[in-house]
Amino acid sequence: MDNSRLLGRAATVTAVLAGSLALAVPAFAHVEVASEAARALAVNATVTFTAEAESSTAGLAKFQVVLPEGIAPADVTLADAPQGWTLAATADGYTVGGPALPQGKDAVYQITVKQLPDAQQLVFKTLETYSDGHIDRWIELPEGGTEPEHPAPTLKLAAAAPGATPIGTPSAAPAGAAPSTPAATPSAAPSSAATSAAAPAPSGAPSVTASPGTASTASSGGGSSSAGIAIGAAVVVVLAAGGAWAWRRKRAAADS
């Protein structure tokens, strides 16, 4: 076999090996997300993010995350992070960061989510910032089964536990439990007596106001009673006067 054929075969093997190595090594270091409580409707779930440092000139300093639907920024708190790092809520998620890590050091931080939503997966689109200002955008989603170059961190969720409900949803009342009866509310409507007194008398109904004839009758009755009293008094006076006259006459006869 001549030297030219040997060199050709060697070049082919080298190309194949080089291609295999290129496929085995990812072009970019991904940001990964994981959780031991990766279950729909899990409460106070701790979620861990790991970002591999790939810059040869700067260290990781900040992450800006867009929260998936069903998680509000107010429902996220920082559980653990590199020393000096803090979390701040944004309109659609949060930022976490602080003093830049040493060049080549991976970043690991954890958040606590009040409750995971009822979903099959959660996508946390992330912007990764280095101390020199360089930003890697981990925001792409798979299309047609092809893994993107900068995939967004995605957390797969198991189905919710039996009986799990979203926080704030009232549980069903026990079977056979009597519904609570609200306290009676005082009626704003006036009583029937007050209504009768205030309401005008219907047309044709007798009026409750005393008529002049009634007043006259009452006055007449009062006058008859007064006349009777006066006559009785006059009779007493007459009798008294007669008695006095008889006594005087008897006294005069006795004196004579």
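Among T154, T112, which is farther than 17 Å from E52 by Cα, hydroxyl-bearing (S, T, Y) and surrounded by fewer than 18 Cβ atoms within 10 Å (Cβ to Cβ)?
Residue meeting the stated conditions: T112.
Consider only pairs whose beta carbons are under 7 Å apart and that are at least six residues apart or on different chains; among these, list those whose first residue lies in the range 59-76 and is over 15 Å from T126 (Cβ atoms) and whose second residue is among the basic types (K, R) and not in a helix (DSSP H, G or I).
G59/K105; D75/K114
List pairs: first in the range 28-56 and assigned by TED's automatic domain parsing to the domain that holds L87 and under 22 Å from P82 (Cβ atoms), second among the aromatic types (F, W, Y) and part of a strand (DSSP E or B), Cβ under 6 Å, 6+ apart or cross-chain?
V31/W138; V33/F49; F49/Y109; S55/Y130
Given the range 54-98, what strands (runs of 3 or more DSSP E) lie entirely inside it while holding 2 or more residues that are in contact with a strand residue (DSSP E or B) (Cβ under 8 Å, 6 or more places away or on another chain) and over 19 Å from A152 (Cα atoms)?
It comes to 76-80, 86-89.
The rows are residues; the columns are (1) within 19 Å of L141 (Cα to Cα); (2) at pLDDT 95 or above; (3) aromatic (F, W, Y); (4) surrounded by 15 or more Cβ atoms within 10 Å (Cβ to Cβ).
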{"residue": "E32", "(1), (2), (3), (4)": "yes, yes, no, yes"}
{"residue": "A45", "(1), (2), (3), (4)": "no, yes, no, yes"}
{"residue": "A51", "(1), (2), (3), (4)": "yes, yes, no, yes"}
{"residue": "Q64", "(1), (2), (3), (4)": "yes, yes, no, yes"}
{"residue": "V76", "(1), (2), (3), (4)": "no, yes, no, yes"}
{"residue": "D80", "(1), (2), (3), (4)": "no, yes, no, no"}
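For the range 147-167, which residues satisfy the criterion of being without any contact (Cβ under 8 Å) to a residue 24 or more places away in the chain and touching a strand residue (DSSP E or B) at 6+ places or on another chain (Cβ under 6 Å)?
P148
The values are calculated or read from the model by the stated rules, or taken from the named source; none is laboratory data. Keep in mind the model is a prediction, meaning the values are calculated, not measured. For neighbour counting, all protein chains shown are included, and Cβ atoms are generated from backbone atoms with ideal geometry for every residue, glycine included.
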